[in-house]
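A.B. asks: After the structure tokens below, expect a handful of questions from me.
Just so it is clear, none of the values below were taken in a lab; they were calculated from the coordinates. Predicted model only: the values in this text are computed from it and were never measured. Cβ: placed from backbone, ideal geometry, glycine included. Neighbour counts: every protein chain shown.
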Amino acid sequence: MSNEENQQLFKEAMGNYPTGVTVVTTTDHEGKPVGLTVNSFASVSLDPLMILWSIDHKASSIHTFKESAKFAVHLLAEDQQELVKQFSSRDVDRFSKVKWGFSDNHLPVIEDAFAVFECETFQTVEAGDHTILIGSVINITTEKKNPLLYHRRHIGAIPSEFYAQLDKE
């Protein structure tokens, strides 16, 4: 199989793997908020608390995130679908149509997310065409909401049928 064929199969397989949807934020050297939509997010460690996410080398904000000493990962709630497009659009003020504020750690935090992990950058790892950012979690906030999901290039809530078996037990 050619490299292009393998890449296509890889994209299809990964696109069929359901994930949550996140927005990652930080500030630039002038203190202005920067953010983008990310679905490459995972937990790393419980002791100490650590998470990771990755950013494409072509992303316009890659240098800001690599140079920043901290970032916030927002696990989006099912009622925040509009933020996915907003934080993946080019040449727009991504923070203009969202309620947000600075946390005590001076990180831009979007209101009403399912969960927010504020992190100090622990390590960055160059891996192919992405950089992996590993963060030490310094603050966690959660809301009593359901998360937003991504599957086959679609975003949405957890289907009610998903819990049907649990309701029967």
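A.B. asks: If you build the convex hull over the alpha carbons only and average its shadow over all orientations, what do you get for the stretch 1-43? Give it in nm² to one decimal.
C.D. replies: 4.9 nm²
A.B. asks: I want the antiparallel fraction of DSSP beta bridges within the chain, as a percent rounded to 5.
C.D. replies: 100 percent
A.B. asks: Given 25 °C and 0.890 mPa s, compute D for the stretch 41-169 with the Stokes-Einstein relation, Rh being the Kirkwood radius over Cα pairs; round to the nearest whole µm²/s.
C.D. replies: Calculated translational D: 151 µm²/s.
A.B. asks: Something else about it: At 222 nm, what value in deg cm²/dmol follows for the chain if DSSP H runs of at least 4 each add -39500 (n - 2.57) and the sum is divided by all its residues, to the nearest 500?
C.D. replies: The helix contribution divided over the chain gives -4500 deg cm²/dmol.
A.B. asks: Express in whole angstrom the spacing between the alpha-carbon centres of the stretch 67-111 and the stretch 1-44.
C.D. replies: 15 Å
A.B. asks: In square nanometres and to one decimal, what's the mean projected area of the convex hull around the Cα atoms of the stretch 18-107?
C.D. replies: Quarter of the Cα hull surface area: 6.7 nm².
A.B. asks: Assigning unit charges at the beta carbon (Lys, Arg +1; Asp, Glu -1) and nothing else, what dipole magnitude in debye, to the nearest 20, does the chain show about its Cα centre?
C.D. replies: 260 debye
A.B. asks: In addition: Tell me which lysines have Cα within less than 19 Å of residue 144's Cα, excluding those fewer than 8 residues away on the same chain?
C.D. replies: Excluding near neighbours in sequence, the set is 99.
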